[in-house]
Structure formats: C-alpha cells, structure tokens
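Novice: My questions all concern the structure below.
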C-alpha cells in the first residue's frame, strides 16, 4: 500500500518531524491544525475565528489529495476553555453541517502557543461512494 504525504510549510513540521497530512489507502489523516498561517495567528482571543481558520488550514491540506469538506468523515476539536464550546461548535457547523462527520470535542490544558484556543484534526475518505 502506498503512503502519500503533504507538507504545509509549517516550521513545526521540520522541528517535530511530521507531515500535515498522510494518505494510506482510502484514508487521509490531517494532523492538528491551528489558526496560524504564514507564522501569524489569526483571530487572537476569538475562538470562532480561530476555529474557522484552523478548519481552513486542514481543508487546504486535503486539497493536496483532491479532496474537500465533503470527504471528511471525522473531526476532532481541541479547545482550551469550555466557555468556547458554542463558538467552536458554530464554526464547525457552518463548514460541516451538510457533511455531518463524526466529531470529538475535548477541552485540553493548553497548546505550545498560549494564544491558541483551538486545534483541529480531520480524517477524510477518498474511496468510491457507496
């Protein structure tokens, strides 16, 4: 089975030694995406905007495999404050309401950059539709 990898150019990829997305067979896995684009945090202090941006980063990684939001079958949303659940959920619903992937939402103690409020992971299926 072939393994394909997509790099995003994040400096963390070289520091930690990872790929933004990996495809194995029909599955495409996208690792934790934050609202940091070209070294700039978008939506500082705004969990809704950070979620929208992080989802956009994740979907950009899927584009490397010719996929979009419609192919997503699982999302994982990690946030630092339970008070942000409604804002994070609203952003997720705007993108995935018609798709309805399996979703896990968890509150974590924090991220490497303390300004980050949300991190998003997605898994997609690139096989034939039933």
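The values are calculated or read from the model by the stated rules, or taken from the named source; none is laboratory data. Quick caveat: nothing in here was measured; it's all calculated off a predicted structure. Note that we place each Cβ from the backbone using ideal geometry, even for glycine, and neighbour counts take in every protein chain shown.
Novice: Please go through the range 102-130 and give me each residue that is more than 17 Å from residue 36 (Cβ to Cβ), surrounded by 13 or more Cβ atoms within 10 Å (Cβ to Cβ) and modelled with pLDDT under 95, ordered by number.
Specialist: Hit for the range 102-130 is 126, nothing else.
Novice: How many residues are in contact with a helix residue (DSSP H, G or I) (Cβ under 7 Å, 6 or more places away or on another chain) and crowded, with 19+ Cβ neighbours inside 10 Å if we restrict to the range 23-47?
Specialist: Final tally of qualifying residues: 7.
Novice: Also, quick follow-up: Would you say residue 61 is at pLDDT below 95 and touching a strand residue (DSSP E or B) at 6+ places or on another chain (Cβ under 6 Å)?
Specialist: yes
Novice: Let me ask you something else. List every residue pair whose Cβ atoms sit under 6 Å apart, with the two residues 6 or more apart in sequence or on different chains, where the first one lies in the range 110-122 and is in contact (Cβ under 8 Å) with a residue 24 or more places away in the chain and on the phi < 0 side of the Ramachandran plot and the second, anywhere, is in a loop (DSSP other than H, G, I, E, B) and crowded, with 23+ Cβ neighbours inside 10 Å.
Specialist: Close Cβ pairs satisfying both conditions: 116/34; 119/34.
Novice: Select from the range 74-109 the residues that are assigned to a helix (DSSP H, G or I) and either out of contact with any strand residue (DSSP E or B) (no Cβ under 8 Å at 6 or more places or on another chain) or on the phi > 0 side of the Ramachandran plot (or both) and list them in ascending order.
Specialist: 83, 86, 87, 90, 91, 93, 94, 95
Novice: Here's another thing I want to ask about it. Answer yes or no as to whether residue 71 is under 10 Å from the mean Cα position of the chain (by Cα), over 18 Å from residue 105 (Cβ atoms) and in contact (Cβ under 8 Å) with a residue 12 or more places away in the chain.
Specialist: Taking the combined requirement at face value, the residue does not satisfy it.
Novice: If you don't mind, another one. Every residue in the range 19-45 that is more than 15 Å from residue 120 (Cα to Cα), in contact (Cβ under 8 Å) with a residue 24 or more places away in the chain and not in a strand (DSSP E or B), please.
Specialist: 25, 26, 39, 44, 45
Novice: Just wondering, is there one or more residues in the range 46-62 that are on the phi > 0 side of the Ramachandran plot and over 9 Å from the mean Cα position of the chain (by Cα)?
Specialist: Looking for residues that are on the phi > 0 side of the Ramachandran plot and over 9 Å from the mean Cα position of the chain (by Cα), one finds none in the range 46-62, hence no.
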